[in-house]
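First up is the structure itself, then whatever we jot down about it.
No value in this document is a laboratory result; all are computed from the given coordinates. Here the structure is a predicted model, which means the values were calculated and not measured. All Cβ positions, even for glycine, are placed from backbone atoms using ideal geometry, and neighbour counts span all protein chains on display.
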Amino acid sequence: MSSSVFEEIHSELKALRLIDPHTHINPHAAASTTLADILGYHYYTELAHSAGMPRQQIEEADLAPQEKVGRLIPWLRTIENTAQYSWLLEMCREFFGFEEERITVDNWESLYESSLSRMSQPDWEQQVLEQSGLDQVYLTNDFDDPLTGFDTSLYVPCLRTDDLVFHCGRREVRERLQQATGTTVTGTESMRAAIGELFRHFTANGARACAISLPPDFIPAAVSDASADGVIGHVFSGGVADRDQMILLSQFVFWTLADFCDQFGMPFDLMIGVNRRVYEDGVFQGQDLFDSRVSLIQYKALLNAFPRVRFPISVLAETSNQELVSYSWIFPNVITSGHWWYSNIPVFIERDTRARLQAVPATKQIGYYSDMYKLEFALPKFGMYRRILSRVLASEFVIDRNWSVDRAVGLGKQILRGNVESIFGARS
Amino acid sequence: MSSSVFEEIHSELKALRLIDPHTHINPHAAASTTLADILGYHYYTELAHSAGMPRQQIEEADLAPQEKVGRLIPWLRTIENTAQYSWLLEMCREFFGFEEERITVDNWESLYESSLSRMSQPDWEQQVLEQSGLDQVYLTNDFDDPLTGFDTSLYVPCLRTDDLVFHCGRREVRERLQQATGTTVTGTESMRAAIGELFRHFTANGARACAISLPPDFIPAAVSDASADGVIGHVFSGGVADRDQMILLSQFVFWTLADFCDQFGMPFDLMIGVNRRVYEDGVFQGQDLFDSRVSLIQYKALLNAFPRVRFPISVLAETSNQELVSYSWIFPNVITSGHWWYSNIPVFIERDTRARLQAVPATKQIGYYSDMYKLEFALPKFGMYRRILSRVLASEFVIDRNWSVDRAVGLGKQILRGNVESIFGARS
Amino acid sequence: MSSSVFEEIHSELKALRLIDPHTHINPHAAASTTLADILGYHYYTELAHSAGMPRQQIEEADLAPQEKVGRLIPWLRTIENTAQYSWLLEMCREFFGFEEERITVDNWESLYESSLSRMSQPDWEQQVLEQSGLDQVYLTNDFDDPLTGFDTSLYVPCLRTDDLVFHCGRREVRERLQQATGTTVTGTESMRAAIGELFRHFTANGARACAISLPPDFIPAAVSDASADGVIGHVFSGGVADRDQMILLSQFVFWTLADFCDQFGMPFDLMIGVNRRVYEDGVFQGQDLFDSRVSLIQYKALLNAFPRVRFPISVLAETSNQELVSYSWIFPNVITSGHWWYSNIPVFIERDTRARLQAVPATKQIGYYSDMYKLEFALPKFGMYRRILSRVLASEFVIDRNWSVDRAVGLGKQILRGNVESIFGARS
């Protein structure tokens, strides 16, 4: 019976159209053009490299797509056990009609051809959106993105702020900021003016969130203008800042962003816990890891200072999930958000989903986002999540608590889509 | 078969009468008088507030009980998914004959009436105790509680020591201590005399444990009289202590309490890991959270120094459970105790229960306590635990290890009740 | 169906012959001679002591084996729930024909006799190896072990380096090092020469790995010869080193070991996270615990500096498993290794196994090692692991992903044995 309850719930959730509230899609090239776009996803290149593939083999300049795929294929045999491989297989089956059990050195070329012919169709992007049931896809835009040339009601802009908070020490970032905002930054006042300009630009173009990824040791704090003024002036006139000054600058910019989120009614996505460039010789985008010794207590001042700002929070370490659940249960402005990166595999998703459903108000949970770089990934990733969610709803709600299937489906729809609309704003 | 094994075990454990070894019951008003006592439990007010209910709506002065309930009811819809809501529903069904699927703005008034008529019966408290199968309920008494006017063999006193350890900086606490003990505290000697007096008073009134909740950064240590003397004198003469002095004072008082536990043969309940007032604008009792970066290694000196004191330990963060299991497996004086607060939801209870049953001597596990403020909560909370325990016993012991149902039930009874008696002393 | 799939997989994995890649076997006395060798394993003595048995009862000088067992038996009743007890029962059943449900004060003497008669057979060691399906057993040898008098193709030497890294402050360790290598250590050059000599000796005798257990606060770092020279000279001339100097010395020796692992193509087993002598009055080998606040980020410099050295890593705290999974997924030189000590119980093994299978290349996972001191323990410990592995393969691969049983068995064999051969070198 349990398994038929699962099927009932799952088929209803499968029929639900989706909004994907966090991706890295380039709206000017949203879908893949060859299998290299798919296999080039860092999840595959880093796993292949981890299994022994030299980085240079796939990062050679001017490597043709088919050649790149050909070099990755032999390594797939070492990662067939992974969840990531199962996404690959599902994409190949669902989008390209692949019917074999595994992708091998013997069969990949015909897969390459068949996928190429599909991806070459002029409406491929539309086909993928349709087959994946995607109504909207949220982006992660550089702060100086002009946000033109694409349909912002389909590809929804979000203001990515990592560079502003952590990399004002780089000349190129300072120049981009000043150029994008027409502002010469010399202190706190002009910095605020510049950031305000970014918010105006983004909200004018339908942006729905401000977003940032944060290292485990970051502690937000209010910084006085007096102390920030000097550092901003120093850094923006090209001076080299020491570690303490950079921390103060990061804190000032971060706090200012939260302030503008408050003014503009914009949710602030916090993705907490990543250490960048831990494996220095790793493949592109395959160098980051984490330190699980992080706590949401570091965000105490922020969460108290901005009660009106909604903070959808993602944690990288699964050991942080109970804190996230508890902080969401207590703080009205904390929202649980998806299953990020190293926590985005079934064993962790299942446990985190159970904890959130058991202890966080149903209105405060954003079930899933794909974090994808290419559109094709929404289908297998949401598919994985939907199966886990359906299983938890079947066993914990229908079987254990005697809920009707309809009621469980209603909860599932709220987690999967309803809350995305209520938290970020309904589809325009 | 597995499900019938579960039923057999569960029905036996359900028939077992209970001792609840940790509650916040007021023995002079143990049972609820209106539904507001139940819905006013911080688990509901904080979840409703988290979902959007302004704190002021329910913390208004002189708010009538029915009005308070009426203001909370609309928010229930946002938390129907939670384990806490399922306790509420179970209480309403078991105690008040409620038969609907959910409590709504349309049906709550009749529930309010029917519950009121039950709770108004003169023997309501006895009915609840009986229906819940409660033989004894341990309290958490302020150190200056006279412990009079109630049956201490039913409501068993326990000495709560948070104020003594952490709040001697408050004039009111110092005055309460000196008044309760007839002692003028000026240094280590008089402090020891005062605390000794508390132990005499409590043990004379049948107290079974000393208890304290501790922040994640607390590290017990022996403090020399020489260094403590000055600080005690300074603080008790109204001086303001700095952070280091307050830590030293806390360590001194804590260590002295452990010493008296040793002298009086009293278990010392340690509830490790809570940060107070993290969410400053939260509802009453809904402001505390935690930092999961805590380790039992912080208690190394204490556990080595007091081998004869039994330390039932509760951890707030589920990530601390493996340490608790391992420390209980190694240290004779460490006992696993219940599933505390943010860890008191099924997904964590289940996993923690499995780990404890797999690696801690059966004699050293206190399965559960309700932590309740009103008597009605024991029934659904112990109910939740009993179902999880029965499931683990069925699958891991009867199915996987071929134990008989009787033997599994025996283990369950020991965890649920037997150990409470052997560790805190049998019912008098 | 799921259960028959489990049976099919399990019976295939049960038939697989094993290599046990980490044990503490003494090759000159590999098997037990009496039940005291088995019950004297620290897992039983520490649990019995934890349950109340005074340490002195079993650590008395010249205690006869049968008397020692007789003193431990009454305490077994308190630990029948544990996984460790289930290993004991399985050994007694499989090796000694024990047929009762539990080992008690009434039946242990006949068990003692029957086990003694089996263990007294001249080929007992061979019988155990055969019945357990063991092809090879890796050892953990002191650095000054002559490695003579045993078959190193059956009992494979591994260089244990805890003493070198952490205990050069002890005169006896310094003397052993200098004597074993014929080197007078006075600075970095002679230290390198001595360590090089150890590597030559061990590899000449078929050693397959260098191994070390590390405390949670250890942070490997490259140390300049200039700064290490002085400390080595000071310590090796009998000087007392302060804490900072000892850390520097540990870092220098550790880094030098990694360097030689690189030169000699030797894997370096890192067992991360143990605090020694936490419970000072514990039984022999029953005093160590841990602090779960540890991160693999501490190993960043090491992992980047030695890309060619394979590092099979074991973590003591289960909360570190996700980091281990993620670091193995990114770093080519990180390999997940077994389920160590306090994490070696089913609830943790199951979860860790699922996470590793879902996210780490199949080629980079060493499923299990027994960590045993006596040969008889491989059978129940590998038995426990094999059941869990079979269950995960059945549910996640055959049921959820539609793999054939054969394919799932293939993955299981790779995890259980194939990778041991490919990582440490095939059986010679």
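Highest mobility in the GNM of chain A, judged by mean-square fluctuation with C-alpha springs under 10 Å and restricted to A:D291, A:D162, A:D352, is found for A:D291.
Sort region A:127-424 into rounded, prolate or oblate with this rule: let a ≥ b ≥ c be the square roots of the eigenvalues of the Cα gyration tensor; rounded if a/c is under 1.5, and if a/c is not under 1.5, prolate when a/b is larger than b/c, oblate otherwise. It is prolate, given that a/c is not under 1.5 and a/b is the larger ratio.
Run the dipole for region A:34-119 about the Cα centre, Lys and Arg Cβ at +1, Asp and Glu Cβ at -1, nothing else charged, and hand back the magnitude in debye, nearest 20.
Values: 7 positive and 15 negative charges, 34 e Å.
Here region A:34-119 has a charge dipole of around 160 debye.
The Cα center of region C:179-195 and the Cα center of region A:276-328 differ in position by 46 Å. Label points for A:R243 are taken 7 Å from Cα along Cα→Cβ. From this copy to the others they lie 1.9, 1.9 nm apart, shortest first. Roughly what angle does helix B:321-330 make with the longest principal axis of chain B, taking Cα atoms, 0 to 90 degrees, to the nearest 10? Helix B:321-330 sits roughly 60 degrees off the main axis of chain B.
In order along region A:77-84, the phi-based Karplus estimate (6.51 cos²θ - 1.76 cosθ + 1.60, θ = phi - 60°) of 3J(HN,Hα) comes to 4, 7, 10, 4, 6, 7, 4, 4 Hz; Gly and Pro are listed as x.
Gyration tensor over the Cα atoms of region C:70-211: the corresponding equivalent ellipsoid has semi-axes (square roots of 5 times the eigenvalues, largest first) of 42, 19, 12 Å.
Inter-part distance, region B:71-126 to region C:1-58, computed on C-alpha centroids, equals 52 Å. Structure remark: mean-square fluctuation, Gaussian network model of chain A, C-alpha springs under 10 Å; the largest value among A:G286, A:G206, A:G182 belongs to A:G182.
The alpha carbons of region A:201-345 stretch over 45, 42, 33 Å along the principal axes, in descending order. Phi-derived couplings, Karplus 6.51 cos²θ - 1.76 cosθ + 1.60 at θ = phi - 60°, listed residue by residue for region A:249-261: 5, 4, 5, 5, 5, 4, 5, 5, 4, 4, 4, 5, 4 Hz, with x used for Gly and Pro. Sparse packing (at most 14 other Cβ atoms within 10 Å of the Cβ) combined with a DSSP loop state is found for the following trypsin sites (Lys or Arg not before Pro) in region B:164-194: B:R170. Between the helical axis of B:2-15 and the longest alpha-carbon principal axis of chain B there is an angle of about 60 degrees. Between C:N275 and C:L289, C:F290, C:D291, the built amide H atoms are under 5 Å apart, and every one of these is 5 or more places off in sequence or on another chain. Backbone geometry of region B:133-143 corresponds, through the Karplus equation with coefficients 6.51, -1.76 and 1.60 at θ = phi - 60°, to 3J(HN,Hα) couplings of x, 8, 8, 8, 10, 7, 9, 9, 9, 4, 4 Hz, x marking Gly and Pro. With the charge dipole of the protein assembly as shown set up from +1 on Lys and Arg Cβ and -1 on Asp and Glu Cβ about the Cα centre, the Cα lying farthest toward the positive end among the listed residues A:V165, C:G425, B:C210 is that of C:G425.
Answer rounded, prolate or oblate for region A:328-428, using the Cα gyration tensor with square roots of eigenvalues a ≥ b ≥ c: rounded when a/c is under 1.5, else prolate when a/b is larger than b/c, else oblate.
Working: a/c = 1.43, a/b = 1.18, b/c = 1.21.
It comes out rounded by the Cα gyration axes.
Copy-to-copy label distances for C:R401, where each label lies 7 Å from Cα along Cα-to-Cβ, are 3.2, 3.2 nm in order of increasing length.
One compactness figure for region B:311-364 is 1.00, namely its Cα radius of gyration divided by 2.2 N^0.38 Å.
I'd like the chymotrypsin sites (Phe, Trp or Tyr not before Pro) in region B:227-320 restricted to DSSP loop residues with at most 13 other Cβ atoms within 10 Å, sorted by number. Walk me through the numbers on the way to the answer.
Numbers: sites: B:F236, B:F252, B:F254, B:W255, B:F260, B:F264, B:F268, B:Y279, B:F284, B:F290, B:Y299; in loops: B:Y279, B:F284.
Listed in order of number, the matching sites are B:F284.
Rounded to two decimals, the Cα radius of gyration of region A:34-119 over 2.2 N^0.38 Å is 1.00. When the alpha-carbon atoms of the protein assembly as shown are used, the pair Rg, Dmax equals 31.6, 91 angstrom.
For chain B, the 222 nm mean residue ellipticity estimated from helices alone, with every DSSP H stretch of n ≥ 4 adding -39500 (n - 2.57) and the total spread over all residues, rounds to -14500 deg cm²/dmol.
Taking the Cα centre of chain B as origin and charging only Cβ (+1 Lys, Arg; -1 Asp, Glu), how large is the dipole, in debye to the nearest 20? Write out the running numbers ahead of the final one.
Values: 38 positive and 55 negative charges, 248 e Å.
With Lys and Arg at +1 and Asp and Glu at -1, about 1200 debye.
Across peptide C:69-79, the mean count of Cβ atoms from other chains lying within 10 Å of each residue's own Cβ comes to 2. Exposure proxy ranking for B:T152, B:T45, B:T181, based on other Cβ atoms within 10 angstrom of each Cβ and starting from the fewest, stands as B:T152, B:T181, B:T45. Of all lysines in the structure, those lying under 18 Å Cα to Cα from A:K14, and not within fewer than 8 positions of it along the same chain, are A:K381, A:K413.
Mean per-residue shielding of peptide C:332-343 is 2, counting Cβ atoms of other chains within 10 Å of each Cβ. In the elastic network of chain A, a GNM with C-alpha springs shorter than 10 Å, the most mobile of A:I330, A:I195, A:I366 is A:I330.
Summary for C:S3: label point 7 Å along Cα→Cβ; distances to the equivalent points in the other copies, ascending, 1.4, 1.4 nm.
Averaged across A:359-368, how many Cβ atoms of other chains sit within 10 Å of each residue's Cβ atom? Can you show the working numbers first?
Numbers: counts 13, 7, 14, 8, 8, 6, 1, 0, 0, 0.
Mean shielding by partner chains, rounded to a whole number: 6.
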